[in-house]
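Trainee: Following this message is one structure expressed as structure tokens.
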Amino acid sequence: MSDETTEDRGPVTTLATPIRLDFDFTPGIAQSKFLRGLERGKFMGQRCPTCGKVYVPSRGSCPTDGVPTTEDVELANVGTVTTYCVVNVPFAGQSIEIPYICAQVLLDGANLSFMGLIQEIPTDQIRMGMRVEAVWVEPDELTPSLASVRYFRPNGEPDADYETYKEYL
Amino acid sequence: MAERCAVIGVGQTHHKSKREDVSIAGLVREAAKMALEDADLTWADIDAVVIGKAPDMFEGNMMPELYLAPALGAVGKPMFRVHTAGSVGGSTALVAAHLVKSGIHKRVLTVAYEKQSDSDAMWALSVPQPFAAPLLAGAGGYFAPHIRAYMRRSGAPEYIGRMVAVKDRKNAMRNPYAHLHLADIDMKMVEDSMMLWDPLRYLEACPSSDGAAAMVLSSEDAVSGHYPPAWIHGTAMRSEPTMFAGRDQINPQAGRDCSADVYAQAGITNPREQFDVAEVYVPFSWYEPMWLENLGFCELGDGWKLTESGATAFDGDIPWNASGGVLSSNPIGASGMLRFLEVAMQVRGQAGEHQVDGAKLALGQAYGGGSQFFSMWVVGSDKP
Amino acid sequence: MSAADATGRTPRPVSIASFAQSQNVRRDDEHNEVEMLMPVIAEVFGNIGITKDDVDFICSGSSDYLIGGPFSFVMALDAVGVWPPRSESHVEMDGAWALYEAWVLLQEGEIDAALVYSFGRSSLGDLNEILTLQLDPYYVAPLWPDTVSLAALQARALIDSGKATEADFAAIAARSRKDALANPKAQVANDLPVERLLEDDYVVSPLRRHALPPITDGAAAIVLAAGDKARQWADKPVWITGFDHRMETHSLGARDLTSSPSTKKAADVAGLADGPIDVAEIHAPYAHQEIIIKAALGLDDKVAINPSGGPLAANPIMSAGLIRIGEAAARISSGQAKRAVAHATSGPCLQQNLVCVLEGE
Ligand SMILES: [Zn+2]
């Protein structure tokens, strides 16, 4: 037996407790329509019957009116970068090489932007107002998930005027 | 009908990236004991405990009030757990204040904490969700695009963010409890720091801290303690949806409505003139000019000019975050409560080296979620 | 009408103006949280012909660990539509505590109505493992004791103390699920004799299958009203006349698991003993826990316990306590009871307990 006492070894400062929990998520009715759209290579949104705004993806309700969004709306494959940042920080579970552009994309016909990855452009050339299009995976690789959209890329149209998207910032 | 309520004790831990010397219970108890001593009370004098923190996943401990009850002397008492995202430290204090204002309790202990080093907060914020793109990279990734939008909308020069980063870290040198003590901080040092979420650099973002904050709130007939009480002149909370068509994320309506409510209660018509000091939740440098506008300290679009003029510096006419703010210490769940606590310290005259001379009336603000949850209070050295 | 509480204060009368709950199911894999809540909130307003604009405060209860992601309550707000911005708060607790927070605000007299809601999806992960994370993270959780085993420890202590038998547990389960036949929202309802239940296998001895709550997805909502609104929204309001909650220590070894001093204390503060009780809705997820709570509340055998079927018939975690308050109020509204008590619990082996006393006119 060692002569060393517990005091000699100092306090225990760390205790690792691995925790693993698995969850089965439920997208819901409205989001399922969005995911089924992705499976067909299309962005599907929904319109609020009260205020007429188009949400993509819809979570099933209009966030301001609290009523179910009911009317399905197919949206364009192109949109406008309203704002963006360049991510240069590594984090656990990250699947994209840094630095990358993380942008808010307002699809034509939608009233809310959503977050998308921008590629095929150097990170220092991205601009607010840039027009972009979705690049999809091959038709036989389409699934009901966001993995069906590889990324967005500039589509060559002139930049959108600030006035046209400033209310979506 | 509401009773008067005052802060009669405050306590906080030394905030650090890792508090390996204490357990979670030890951390919250450190702040709570200090608040009790400041109020000249013992555990037995407390009627109820209100605790707040950000997501349970930050420490891997579900509904931690259950485990923390004995460490906070809550056995046999009502104990309450609040969670309103980043604003939680503020809203936790407000729930405690309502317990006193309603006349239900005489003395309430309120505590907020985060022990970020016990888990991976970045992971907890970016838990892969099956229906969202895995792009976010923590809170900075969420807020950076809105900062860019503010710069565009206001025409602010890019060095404004760096000025805030330097100012708050200089203030932190006066605060022994602050996490970051960067003695050599200057504009160049910020500019040379790594670009994390362009346009946000490393030194323009808050640190990740372990820490806790605690306050004892009391009714008028139960006031005690070593310093005069900080009287609560107004309290307000507001929430708006995370995402909706036409949402202004730079100047959220919920923030404007919340301040209008709390100002009306406290008789504030000109915040820049009437307040002596403010502690405002600024986790990324650019949120100072944005919140200056949102809180009505200046006209829309002029927030950056106020920062640039030095008005919000320690020796300015309306010091913001004299403690060093969230940019210098960020135990997430406690960060909002620290804002509320620091203004109480200021009007009680107990802020030591970062005491703003003659501070009598002050604003504490916290926000959370996607700039959608707001909580605020106004405290003063005079009774309301 | 109501007694002064511990601080000598007479509480402001606040009424349960409306109550709604979702269908309680084993697993709702069709709807997300927003879709689950929207019809409940529409119903709780619709019952009394009001809209979100008629309430001054909103408070909700839910748990991130049940939903499997941080900030689960944030998106749930979209089921209400908090625009223009609202005064709103959230507790990481059962909705019964959200109701308590709203009641506290109403006590100040500056607002007159509040919406309270809660939701829980116990089906998304392994509930037994998830609830382990409620335990002391240094000394207990790393051993991964599961929640059923902890309840079984408590049941064993109860039997060994001579306060109950396994047949008592079976009788409670049989009564609860038989009563649930009259509750269209219940998940588990049947009419089985005690002798048949005692043939069930043990899940963890001494708890047989029937003594455990079902795993339930569900949501619930209540509108609270005070002042003129309470009268406008109901001909005969159901009033909250006493309300309190208390905590016990966390260490199971330091507690007498066969009693519930926190429930007793909360009942005393809430003035439960000030008059006779007709109905009790008790949030005892495990059959044996009803015996402990009933004793702590000092209820005699004339009191109808869990006429809704209680948590043995549907146990949507985070909502099950709020539902007890709604169900107790419903018995008064329907004229079946004059005075009722509702109870909610949180934590392993009934660590934290809430008591709400309700009265009709
Ligand atoms: Zn709408």
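Trainee: For an R0 of 60 angstrom, estimate the FRET efficiency from the Cβ-Cβ distance between C:N190 and A:D159 and round to the nearest 0.05.
Mentor: For C:N190 and A:D159, the calculated efficiency is 0.35.
Trainee: Which order results if B:K33, B:K101, B:K115 are arranged by neighbouring Cβ count within 10 Å, fewest first?
Mentor: Ranking B:K33, B:K101, B:K115 by Cβ neighbours within 10 Å, fewest first, gives B:K33, B:K101, B:K115.
Trainee: Ok, one more. How large is the charge dipole for the stretch C:79-120, taken about the Cα centre, if only the Cβ atoms of Lys, Arg (+1) and Asp, Glu (-1) carry charge, to the nearest 20 debye?
Mentor: 160
Trainee: What order do you get for A:12-25, C:232-245, B:75-88, A:113-126 when each peptide is scored by the mean count of other beta carbon atoms within 10 Å, highest first?
Mentor: B:75-88, C:232-245, A:113-126, A:12-25
Trainee: Oh, and also: Quick one: P(r) of the stretch B:39-101 from all Cα-Cα pairs, 5 Å bins, percents rounded to integers, in order of increasing distance.
Mentor: Percent of Cα pairs in each bin: 4, 18, 24, 25, 19, 8, 2.
Trainee: Can you give me the Cα centroid spacing of the stretch B:6-57 and the stretch C:41-117 in angstrom?
Mentor: Cα centres, the stretch B:6-57 to the stretch C:41-117: 28 Å.
Trainee: Which length gain, in nm to one decimal place, applies between B:S193 and B:R152 when the Cα-Cα distance is subtracted from 0.36 nm times their residue separation?
Mentor: Additional length available on full extension: 12.5 nm.
Trainee: Then there's this: With +1 on each Lys and Arg Cβ and -1 on each Asp and Glu Cβ, how big is the dipole of the stretch A:26-75 about its Cα centre, in debye rounded to the nearest 20?
Mentor: Here the stretch A:26-75 has a charge dipole of around 100 debye.
Trainee: Relative contact order of chain C: what whole-number percent is it, with Cα pairs under 8 angstrom and at least 6 residues apart?
Mentor: RCO, chain C: 25 percent.
Trainee: Contact order normalised by length for chain B, with contacts defined as Cα pairs under 8 Å and 6 or more residues apart; what percent is it?
Mentor: Relative CO of chain B lands at 26 percent.
Trainee: Ok, one more. Using the Karplus equation 6.51 cos²θ - 1.76 cosθ + 1.60 (θ = phi - 60°), what ³J(HN,Hα) coupling, rounded to whole Hz, does each residue of the stretch B:350-358 give in order, writing x for Gly and Pro?
Mentor: After applying 6.51 cos²θ - 1.76 cosθ + 1.60, I find 10, 8, x, 5, 9, 5, 8, 3, x Hz.
Trainee: Could you calculate, for chain B, the ratio of the Cα radius of gyration to the Kirkwood radius, expressed as Rg to Rh?
Mentor: 0.94
Trainee: Please provide three numbers in whole Å: the alpha-carbon extents of chain C along the principal axes, with the largest listed first.
Mentor: Result, largest extent first: 53, 44, 41 Å.
Trainee: What does the average come to when, for each residue of peptide B:140-152, you count the partner chain Cβ atoms lying within 10 Å of its Cβ?
Mentor: Average per residue, whole number: 5.
Trainee: Provide Rg over Rh for the protein assembly as shown; use the alpha carbon set for both Rg and the Kirkwood Rh (inverse mean inverse pair distance).
Mentor: Computed over Cα atoms, the ratio is 0.96.
Trainee: Looking only at the stretch C:300-321, which residues have a backbone nitrogen under 20 Å from a spot 7 Å from the Cα of C:D268 in the C-beta direction?
Mentor: C:300
Trainee: Ok, one more. Percentage of Cα-Cα pair distances in the stretch A:76-169 greater than 19 Å, rounded to whole percent?
Mentor: Tail of P(r) above 19 Å: 41 percent of Cα pairs.
Trainee: If you take the charge dipole of the protein assembly as shown about its Cα centre, with +1 on Lys and Arg Cβ and -1 on Asp and Glu Cβ, which of C:V188, B:V280, B:P199 is farthest toward its positive end?
Mentor: With unit charges placed on the Cβ atoms, the residue in question is C:V188.
Trainee: State the three equivalent ellipsoid semi-axes of chain A, derived from the C-alpha gyration tensor as the square roots of 5 times its eigenvalues, in descending order and whole Å.
Mentor: 41, 23, 17
Trainee: What value, in deg cm²/dmol to 500, does the helix sum -39500 (n - 2.57) over DSSP H runs of n ≥ 4 give at 222 nm once divided by the residues of the protein assembly as shown?
Mentor: That comes out to -8000 deg cm²/dmol.
Trainee: Where does the stretch C:193-253 land on the Kirkwood hydrodynamic radius, alpha-carbon pairs, in angstrom?
Mentor: After inverting the mean inverse Cα-Cα distance, the result is 17.2 Å.
Trainee: Between the stretch A:105-169 and the stretch C:221-297, how far is it from one alpha carbon centroid to the other, in angstrom?
Mentor: A separation of 54 Å, based on Cα centres.
Trainee: How would B:T269, A:T64 line up from fewest to most surrounding beta-carbon atoms within 10 angstrom?
Mentor: Exposure proxy ranking, most exposed first: B:T269, A:T64.
Trainee: Also: For the stretch A:26-75, compute Rh as the Kirkwood radius over C-alpha pairs and then the Stokes-Einstein diffusion coefficient at 10 °C and 1.306 mPa s; write the answer in µm²/s, rounded to an integer.
Mentor: Once the numbers are plugged in, D ends up at 151 µm²/s.
Trainee: At 25 °C and a viscosity of 0.890 mPa s, what translational diffusion coefficient does Stokes-Einstein give for the stretch B:240-384, taking Rh as the Kirkwood radius over Cα pairs? Give it in µm²/s as a whole number.
Mentor: 162
Trainee: Mind giving me the nanometre distance, one decimal, between the label points for A:T70 and C:R26, set 7 Å out from Cα along Cα→Cβ?
Mentor: 3.3
Trainee: How high is the relative contact order of chain A, given as a whole-number percent (alpha carbon pairs under 8 Å, six or more residues apart)?
Mentor: Computed over chain A, the figure is 19 percent.
Trainee: Hey, another quick one. Taking the Cα centre of the protein assembly as shown as origin, sum charge times position over the Cβ atoms of Lys and Arg (+1) and Asp and Glu (-1), and report the length of that vector in debye to the nearest 20.
Mentor: Taking the Cα centre of the protein assembly as shown as origin, the dipole is about 1040 debye.
Trainee: How many partner chain Cβ atoms sit within 10 Å of a residue's Cβ in peptide B:89-98, on average, as a whole number?
Mentor: Average neighbour count from other chains, rounded to a whole number: 2.
Trainee: Another question, then. When Cβ neighbours within 10 Å are restricted to other protein chains, what is their mean count per residue of peptide A:52-62?
Mentor: 5
Trainee: Using +1 at the Cβ of each Lys and Arg and -1 at the Cβ of each Asp and Glu in the stretch B:317-384, identify which of B:S323, B:V356, B:L338 lies farthest towards the dipole's positive end.
Mentor: It is B:L338, whose Cα lies furthest towards the positive end.
Trainee: If you don't mind, another one. Calculate, for B:E20 and A:I121, the FRET efficiency according to 1/(1 + (r/R0)^6) with r their C-beta to C-beta distance and R0 60 Å; round to the nearest 0.05.
Mentor: That pair, B:E20 with A:I121, gives E of 0.85.
Trainee: Moving on. At R0 = 45 Å, how high is the FRET efficiency between B:H181 and A:R150 if r is their beta carbon distance? Nearest 0.05 is fine.
Mentor: With R0 = 45 Å, the Cβ-Cβ based efficiency is 0.50.
Trainee: Still on this structure, please answer the following. Could you put B:D257, C:D146, A:D108 in order, starting from the residue whose Cβ has the fewest other Cβ atoms within 10 Å?
Mentor: In order of increasing Cβ crowding within 10 Å: A:D108, C:D146, B:D257.
None of the figures in this text is laboratory data; all of them are computed from the coordinates on show. Keep in mind it's a predicted model, so treat the numbers as computed, not measured. Neighbour counts are summed over all protein chains in view; Cβ atoms, including those assigned to glycine, are modelled from backbone coordinates with ideal geometry.
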